[in-house]
Amino acid sequence: MVLATAARAPLRAQTSAAKAPAQPSVVDRGRYLAQAGDCIACHTIPGAKIFSGNRPMPTPFGTLYSPNITPDRETGIGSWSADDFYTMMHTGRSPKGYLLYPAMPYASYTKVTRADSDAIFAYLRSVPPVRQASREHDLRFPYNNRALLIGWRTLYFQEGEYQPDRSQSVEWNRGAYLVQGLGHCAMCHTPINALGGSSQEKAFQGGLIPMQNWYAPSLTSNREAGLGNWALQDIVDLLQKGVSNRGTVYGPMAEVTFNSLQFMSDDDVRAMAVYLKSLPADQGPASDPAEGPLRADVNQAYSEGRRIYAARCASCHGAEGRGKLPHYPPLARNQSIGMSSAVNPIRMVLNGGYPPGTRRNPMPYGMPPFAQELNDNEIASVVTFIRTAWGNRGAPVTAREVNELRSATVE
């Protein structure tokens with residue numbers, strides 16, 4: 001009996017070991033975290049070799065070019081150590097000691113833990129090296145003087161890893177870590193001032209993305225412009241699939257979903273949604289456009305816009321703007337339609353577009369462009385109608401606003 005028991009013991013151990021889930025390697029974990037940080041968006045020109053750099057990033061101060069971060073020893077980061085990489089992520093300084101321009105989101109990446117930084121570095125060391133020198137930045141004077149970054153950092157940079165809030169759940173803290181850190185969501189969804197900085201007091205309250213002519217909406221719980229009345233699953237779907245019962249991602253956010261969010265785990269995306277849902281409401285607009293006096297030209301635009309909508313839009317979005325979920329988003333009581341900025345609805349009517357093809361929505365439905373079919377006055381009229389019909393409380397749109405966006409880069 002003793003011999004029989006001894007003989008079976010190893011078999012039980014093997015069975016138990018076989019059932020244990022395989023732990024991801026450091027490189028695999030680093031790949032996942034690099035996707036969470038959307039590193040490819042800045043460091044890879046579409047169609048070029050991954051992380052080979054030199055992607056132009058237009059700014060109000062000139063054009064920056066992302067560096068090569070492949071493990072090539074001469075032109076990439078092949079000669080860096082894990083300490084060098086963590087110092088860059090944590091402090092915004094290169095191994096040679098010079099200050100990085102804040103287009104590199106080190107103000108967010110400083111929150112990344114040492115373990116996660118090391119994993120990302122291990123992954124970057126595993127990709128094929130590319131021998132390609134990084135281009136010099138093309139910045140106007142005096143912005144080409146890196147010494148000025150000392151002042152910027154004093155105003156807008158606070159160094160330090162994310163510290164968990166022990167009054168919140170593990171899930172909430174995981175979401176906060178991802179949103180505030182690798183996700184660097186505040187970089188677009190916070191108003192940016194003339195110095196290229198943003199204040200913590202206005203974090204996640206939404207703002208115009210410089211040079212891209214897209215408006216990143218508020219992520220706070222403001223019920224007029226944020227996520228206050230969104231169901232948690234709708235936030236999850238928008239982040240992970242690119243479409244939900246409340247809206248669809250286009251423009252820069254579509255790229256974020258395509259490159260990054262669709263590859264994140266269900267648990268991590270839900271944690272992000274839990275954190276975002278908890279953000280306090282920012283103050284709404286000082287005045288409600290819907291309460292302003294109606295003008296004759298606005299009434300005329302509304303009437304013309306209703307006619308155009310019935311002819312061009314109602315077949316997909318419905319006569320009452322309710323949409324056809326989830327592929328044709330609702331326009332009635334849609335916060336993104338009625339925001340203080342009309343940039344996004346104008347651009348969608350002008351340029352159309354597709355949400356990203358994702359693993360959970362591989363064949364997205366798109367919207368056709370109307371820039372060649374409708375003139376500035378007609379587009380202004382239909383956007384005015386959409387922004388003021390069905391309970392929407394947006395302000396009217398002018399033909400001048402439409403004309404200014406006709407030349408906006410479509411990317």
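The values are calculated or read from the model by the stated rules, or taken from the named source; none is laboratory data. Remember, predicted model here, so these are calculated numbers, not experimental data. Positions of Cβ are generated from backbone atoms using ideal geometry, with glycine treated the same way; all protein chains shown enter the neighbour counts. All accessible areas refer to the heavy atoms of the entire protein, side chains included, with ligands and DNA or RNA removed. Shrake-Rupley method; radii C 1.70, N 1.55, O 1.52, S 1.80 Å.
Given a cut-off of 30 Å, name the pairs among Lys277/Lys324; Lys202/Lys241; Lys202/Lys324; Lys111/Lys241; Lys96/Lys202 whose C-alpha atoms lie farther apart than that in the structure shown. Exceeds cut-off: Lys202/Lys324; Lys96/Lys202.
Calculate the all-directions average of the projected area of the chain's alpha-carbon convex hull, and give it in nm².
If you wrap the Cα atoms of the chain in a convex hull and average its projections, you get 26.1 nm².
The mean of 1/r over all pairs of different alpha-carbon atoms in the range 321-386, once inverted, gives a Kirkwood hydrodynamic radius of 12.9 Å. For the chain, carbon and sulfur atoms together expose 55% of the accessible surface, with a 1.4 angstrom probe and every protein chain in place. Between Pro368, Pro58, Pro355, the Gaussian network model of the chain with springs among Cα atoms under 10 angstrom shows the greatest mean-square fluctuation at Pro368.
Taking GluC sites (Glu not before Pro) across the range 90-172, the ones in a DSSP loop with at most 10 further Cβ atoms lying within 10 angstrom of their Cβ are Glu136.
Computed from backbone phi, the HN-Hα couplings of the range 75-80 come to 10, x, 10, x, 9, 6 Hz, rounded to whole numbers (Karplus: 6.51 cos²θ - 1.76 cosθ + 1.60, θ = phi - 60°; Gly and Pro given as x). For Ile77, nonlocal amide neighbours, meaning residues 5 or more places apart or on other chains whose placed amide H falls under 5 Å from its own, are Thr70, Asp72. Computed over the range 355-411, relative contact order equals 26 percent, with contacts defined as Cα pairs under 8 Å that lie 6+ residues apart.
For the range 111-237, the Kirkwood estimate of hydrodynamic radius, built from reciprocal distances between every pair of different alpha carbons, is 17.8 Å. Relative to one another, the C-alpha centroids of the range 196-220 and the range 134-184 are positioned 14 Å apart.
Looking at the range 58-115, the trypsin sites (Lys or Arg not before Pro) that sit in a DSSP loop and have at most 10 other Cβ atoms within 10 Å of their own Cβ are Lys96.
Report, in deg cm²/dmol and to the nearest 500, the calculated mean residue ellipticity at 222 nm for the chain, where each DSSP H run with n ≥ 4 adds -39500 (n - 2.57) and the sum is divided by the residue count. Calculated mean residue ellipticity at 222 nm is -11500 deg cm²/dmol. If R0 is 56 Å, the Cβ-Cβ spacing of Lys96 and Arg333 corresponds to a FRET efficiency of close to 0.55. In the full protein context, the chain carries 53 Å² of accessible surface per residue, based on a 1.4 Å probe and ignoring ligands, DNA and RNA. Once you've got the GNM for the chain with C-alpha springs shorter than 10 Å, pick whichever of Leu64, Leu276, Leu155 has the biggest mean-square fluctuation. Most flexible of the set in this elastic network: Leu155. Charge tally around Pro356: other residues with Cβ under 12 Å, Lys/Arg +1 each, Asp/Glu -1 each, net +2.
A dipole drawn for the chain from +1 and -1 charges on Cβ atoms has a positive end, and of His189, Asn54, Tyr365 the residue lying farthest that way is Tyr365. Largest mean-square fluctuation among Arg146, Arg55, Arg393, in a Gaussian network model of the chain whose springs join Cα atoms under 10 Å apart, belongs to Arg146.
Over all directions, the projected convex hull of the C-alpha atoms in the range 48-115 averages 5.2 nm² in area.
Over the chain, what is the relative contact order in percent, taking alpha-carbon pairs closer than 8 angstrom and at least six residues apart?
About 13 percent, as a whole number.
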